[in-house]
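The values are calculated or read from the model by the stated rules, or taken from the named source; none is laboratory data. Just so we're clear, the structure is a prediction, and the values are computed from it rather than from any experiment. Cβ placement follows ideal geometry from the backbone for every residue including glycine, while neighbour counts extend to all protein chains displayed. These accessible areas exclude ligands, DNA and RNA; they are computed on the full protein's heavy atoms, side chains included. Shrake-Rupley method; radii C 1.70, N 1.55, O 1.52, S 1.80 Å.
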Amino acid sequence: MISMIKRAAFYTLGCKVNQYETEAVIDIFIDNGYQIVNFSEKADVYIVNSCTVTNEAARKTRQIARRAKRRSEDSIVAIVGCYTQAFPDEVRDIEEIDFVMGSNNKADILDKAEEILAGKSIENDVKEYKELKEYEELELKRLTNTTRANVKIEDGCNQFCSYCIIPYARGPVRSRKKEDVAAEIKRLAEQGVKEIILTGTHLGAYGSENGNNKELTKLMADLTEIENLNRVRLSSIEGTEIDKGMMDLIAEEDIFCPHLHLPLQSGSNKILEAMNRPYTLEEFKKTVAELRNRIPDLAVTTDVIVGFPGETEETFAETLEAVKEIGFSKVHVFPYSAREGTPAAEMEQLNGNLVKEYSKKLRLVNEALMLDYQKEFIGREKEVLIEEVRDHTTGLLTGYTDNYLKVLVDGSDNLKNELVKVKLKKSVDPYHLKGEIIK
Ligand code: SF4
């Protein structure tokens with residue numbers, strides 16, 4: 001007998017917000033009787049949730065969509081999300097695509113796919129990014145993993161950093177209602193999720209579209225009322241967006257992880273200004289000092305873009321110096337690559353080899369800093385949230401402390417997704433510590 005169950009496959013590129021949205025759309029398809037299959041299998045509908053942050057991400061999006069159509073000519077293939085929103089004409093021109101959608105109305109993907117499956121034609125309109133005014137409520141119903149869940153609370157960005165395409169791909173800041181966020185997190189906690197990561201395109205701008213800059217702090221205060229909530233982590237936030245109330249909450253409420261990801265991007269004020277970043281190096285350092293003063297053992301991780309137009313030996317040396325002085329516990333190094341459509345792409349670009357050389361130097365500094373931060377915790381006891389998957393090389397259980405140290409421990413599978421007390425014994429390499437579970 002031929003199965004009448006329709007099959008759908010999803011491919012997600014890019015950030016945690018995209019992953020959250022794909023999961024929520026998958027829930028809609030399942031609720032409507034679809035079977036979800038791997039992207040490499042035959043399906044009736046293929047959805048690519050795209051990314052446009054780099055030219056490479058856009059290229060990959062096109063490649064994946066084309067491959068899906070080649071696999072199965074009769075299937076519906078759609079590209080949705082950031083790439084379509086920022087470059088709608090470029091995406092519409094891809095022959096293999098049956099429909100496109102921008103960054104909003106993702107809840108309508110199923111309806112559009114079904115209309116095409118039924119032989120109808122649909123409008124392939126993508127709104128201008130400035131017109132994306134409403135926060136689109138999507139929620140996760142099914143859990144693929146109970147160790148941690150990303151919860152999206154905000155969409156869009158008004159900052160327009162000169163290297164970044166995201167404001168054109170996501171539109172202006174729109175925030176999810178506090179009650180809806182709290183209800184979702186309460187449900188996830190009841191379902192046994194141990195760690196919640198609050199995510200957004202520009203998380204710290206939460207609520208700012210209504211002229212209120214303290215909404216994220218208020219939301220965090222509301223979350224302290226939820227029972228059985230173990231850990232809440234903020235995905236990434238500008239130092240300028242952390243107020244005193246937020247510092248107090250992180251310092252005093254156990255559920256908030258003492259870990260903040262504050263993107264520095266450069267240690268040179270000249271480059272920060274060219275990037276249109278909203279702070280100077282001095283302001284950034286002052287914020288970190290205040291945070292460390294208030295929150296013991298705080299892990300401060302960061303992003304740095306290396307080789308931005310105008311970068312010189314001198315500005316790069318300033319960045320190296322700043323990174324060491326601040327003493328981040330981890331630095332994500334991004335070699336600058338021009339994104340078409342952004343102001344920085346029009347500036348004079350550095351030689352690619354020089355960008356590689358700077359990146360290598362900064363990565364070495366990062367590894368030394370990671371080891372330094374680990375050292376502070378050797379011999380101490382920390383709670384570790386054990387992951388679902390074991391470490392590939394050692395076969396040991398892996399997990400993260402609240403301050404984002406990755407720890408390897410010996411133990412049985414029934415510890416997966418549990419919070420266990422661990423004595424941190426030694427550093428294995430910059431990325432791992434070895435620990436022992438305390439009985
Ligand atoms: S703050 Fe800057 S880097 Fe972050 S999303 Fe907005 S424009 Fe992009």
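Here is how the numbers come out for the structure above:
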item: Members of segment 160-190 that are near the ligand (Cβ under 9 Å from one of its atoms), closer than 14 Å to residue 129 by Cβ and in a loop (DSSP other than H, G, I, E, B); result: 160, 164, 165
item: Scan of segment 164-188 for residues that are open to solvent by less than 10 Å² (accessible area, probe 1.4 Å) and either among the basic types (Lys, Arg) or over 23 Å from residue 273 (Cα atoms) (or both), ordered by number; result: 170, 174, 176, 181, 184, 185, 188
item: Check on residue 178, closer than 20 Å to residue 243 by Cβ, charged (D, E, K, R) and over 19 Å from the mean Cα position of the chain (by Cα); result: yes
item: Tally of residues being within 20 Å of residue 255 (Cβ to Cβ) and open to solvent by 40 Å² or more (accessible area, probe 1.4 Å) across segment 372-396; result: 2
item: Qualifying position, being of a type in the set (Val, Ile, Thr), within 16 Å of the ligand (Cβ to nearest atom) and farther than 16 Å from residue 16 by Cα, among 201, 240; result: 240
item: Any hit, segment 90-107, residues being part of a helix (DSSP H, G or I) and among the hydroxyl-bearing types (Ser, Thr, Tyr); result: no
item: Candidates 87, 99 - the one that is more than 16 Å from the ligand (Cβ to nearest atom) and either outside the structural domain of residue 72 (by TED's automatic domain parsing) or open to solvent by 10 Å² or more (accessible area, probe 1.4 Å) (or both); result: 87
item: Matching residues in segment 136-163 - criterion: being among the hydroxyl-bearing types (Ser, Thr, Tyr), crowded, with 17+ Cβ neighbours inside 10 Å and within 17 Å of residue 28 (Cβ to Cβ); result: none
item: 1 or more residues open to solvent by 10 Å² or more (accessible area, probe 1.4 Å) and within 24 Å of residue 419 (Cβ to Cβ): qualifying helices (runs of 4 or more DSSP H) within segment 240-324; result: 244-252
